[in-house]
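Here is the structure we will look at.
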Amino acid sequence: MASGDLLLRTHAGAPVLARAFPCRLRVPARRRSGLVSPLAAARVDVAGRVRPRGAAAVQKRRRRDAEESLPFSRVVTRRDAVDEDEEDVEGEAPQLGAVTSAGEAGGVDGSYLSDTRFDQCAISPLSLKAVQDAGYERMTEVQEATLPIILQGKDVLAKAKTGTGKTVAFLLPAIEVLSTLPHQRNQLRPPINLLVMCPTRELAIQVAVEARKLLKYHRSLGVQVVIGGTRLTQEQRSMQANPCFSTRLKGVKVLVLDEADRLLDMGFRRDIEKIIASIPRERQTLLFSATVPEEVRQISHVAMKKDYKFINTVKEGDEETHAQVSQMYMVAPLDQHFSILYDVLKKHVAEDADYKVIIFCTTAMVTKLVAEVLSQLKLNIREIHSRKSQSARTKVSDEFRKSKGLILVSSDVSARGVDYPDVTLVIQVGIPADREQYIHRLGRTGRKGKEGQGLLLLAPWEKYFLGTVKDLSISEAAVPSVGSSVETEVKNAVRKVEMKSKECAYQAWLGYYNSNKTIGRDKSRLVHLAEEFSQSMGLAVPPAIPKNILRKMGLNNVPGLRSS
Ligand SMILES: Nc1ncnc2c1ncn2[C@@H]1O[C@H](COP(=O)(O)OP(=O)(O)OP(=O)(O)O)[C@@H](O)[C@H]1O
């Protein structure tokens, strides 16, 4: 984002889009001012949550609990007008015959790279130069497999393991498609030609960075990042007042759903459908993810043409996770989790001076709590989740990308797509939302063929989750015996954490497990487990919860819960 950005509140969206995505817009200073980078960027904050009801409520809550806001998109647009104008902005069932398996092609020496060089394939000299400037010489397997098919104009659903270059795999051919379109100079409101949707802000920002790299020599194309915001009503009003953004969306030639399975699951599906309804039917659609469960193949017709190609670079019989990442799980009562975490982290830090750890927690407030406890224990902790301001999120994310010797405690905002290099260990505390989320979180380590470690820390009653990942090479690790001095140290650290953080964590914890199909089914057991959690925070009596929150969770008359 250029330093000379202007901030203005603005309007956008045809009615259908406006309802879904009220916006706040940040538009770059004009190019002629000489303040902005060659590829001007605008940022639109987008949000529009509807109060959940009934079955939809569970989905909405799940989405909120998972800390992933509305879909965020990255947009490639004709550049001139973005620079010039501080404007208001804001198929059918899968064909089995269409499956292309690139797995057989294999990598070189088991690497994630293919043996095809970028200079051997049909891309423009401008793109090739940019690819080479980015330091990419050989294509990754998924890039090699998808490029020719996308260039043929086909819709593509692609599955490839985490950290194997899917972003370039969809951006590069999409840019090639756009670069052949006639360039209309000096348009005030340039059409948006490529729309990339992804499930988190960090991912949207990251893909924009990659897009700018690839567009380095394509002078007529610019990038805008449109991400979720929090000022709902005001933004909603302003966006509804202006049809500009949806008019620009009429220019979409290529639509990409990054992390397609996440975007097409029930939590996001309605929003995606609304967006798809506002872009032309005549377009090319690309869906990419490291996980493509069968249901997603079933519903991919929401976005794709009938004759789309499914390209799967995960070989038949191979796991969806990387062989070079060791996966362990530990099962221990909740009241030991902080001590175990501390012990595992201390050992890891001592073993690897270049340690870089991500700890995934179930919700934003539990993330905050864990970060506070570990900070009290003098570990080098950073914290990221949806309750942090966007500027704090970006700052932490940038720092973690560049640094070593850091531990990032995160909610699922970092679960998908985020490319932090050289992560040495991923710890998941508590059950992930599902098997896919486990795979994506683990995929933050072992990227680009590097080694990594994963640890899943479960309470005994969470052990059932292992059944969903039994095809993966995940083995049991012995619970470390933690000395009494460490236990006392941890207890003191927990004691120092503010009561408010504990209350919020308790409430969030209850909400998360309440919406879990297995654990949330038996409410009295749930309440009992929540009490265990509250004891693990050193509380003798579980905190009271506001009545309206209990009602929203459907727990208002459950014995054992205190209301306030
Ligand atoms: N051809 C290439 N050669 C070398 N590095 C590459 C190549 N293509 C992409 N990369 C780099 O590989 C890393 C991983 O890429 P990317 O984040 O796109 O992976 P991904 O498959 O989308 O992962 P995830 O499933 O986690 O979203 C990035 O740092 C990217 O810059």
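Distance from the Cα centre of the range 402-424 to that of the range 160-200, in angstrom? Value for the Cα centre distance between the two parts: 26 Å. Geometric descriptor of the range 334-469, per residue, is 105 Å³ (volume of the convex hull of the Cα atoms). FRET efficiency for the Asn556 to Asp119 pair, using the beta carbon distance and R₀ = 51 Å, is estimated at 0.20.
Each 10 Å bin from zero up to the one holding the largest Cα-Cα distance in the range 291-405 carries the following percent of pairs: 10, 28, 27, 24, 10, 1. Projected label points at Val331 and Glu316, each 7 Å from Cα along the beta carbon direction, are separated by 3.5 nanometres.
Once the Cβ-Cβ distance between Glu282 and Lys517 is put in as r, and R0 is 30 Å, what FRET efficiency do you end up with, to the nearest 0.05? Walk me through the numbers on the way to the answer.
Details: r = 40 Å, r/R0 = 1.33.
Using R0 = 30 Å, I get an efficiency of 0.15.
What number comes out for the charge environment of Lys346, summing +1 per Lys or Arg and -1 per Asp or Glu over other residues with Cβ under 13 Å away?
Values: positive: Lys347, Lys378; negative: Asp343, Glu351, Asp352, Glu489.
Charge balance near Lys346 sits at -2.
Counted residue by residue at 0.36 nm each, then reduced by the alpha carbon distance between them, the extension gain from Lys129 to Val486 reaches 123.0 nm.
Among residues other than Thr116 with Cβ under 9 Å from its Cβ, the summed charge is 0 (Lys and Arg +1, Asp and Glu -1).
Could you calculate the contour length gain from Leu466 to Leu188, that is, 0.36 nm times the residue separation minus the distance between their Cα atoms, to one decimal place in nm? Intermediate results must be reported in sequence, preceding the final value.
On the way: separation 278, 0.36 × 278 = 100.08 nm, distance 5.48 nm.
Here the segment from Leu466 to Leu188 would lengthen by 94.6 nm.
Pairs from the list Lys166/Lys253; Lys161/Lys356; Lys305/Lys450; Lys213/Lys309; Lys159/Lys450; Lys161/Lys517 with a Cα-Cα gap above 25 Å: Lys305/Lys450; Lys213/Lys309; Lys161/Lys517. Rounded to 0.05, the FRET efficiency of the Ser564 and Arg525 pair, given R0 = 22 Å and the Cβ-Cβ distance, is 0.45.
Let me check against my output: what whole-number percent is the relative contact order of the range 334-469, with C-alpha pairs under 8 Å and at least 6 apart? Intermediate results must be reported in sequence, preceding the final value.
Values: 212 pairs, mean separation 35.9, N = 136.
Normalised by residue count, the contact order of the range 334-469 is 26 percent.
Please compute the length gained on full extension between Ala477 and Ala353, using 0.36 nm multiplied by the number of residues separating them and subtracting their Cα-Cα distance. Show your work: numbers first, answer last.
On the way: separation 124, 0.36 × 124 = 44.64 nm, distance 2.28 nm.
Extending this stretch completely gives an extra 42.4 nm.
We did not get these values from a lab; they are worked out from the coordinates using the rules stated. All of these numbers come straight from a predicted model, not from anything done at the bench. Heads up, the Cβs are rebuilt from the backbone with ideal geometry, glycines too, and the neighbour counts pull from every protein chain shown.
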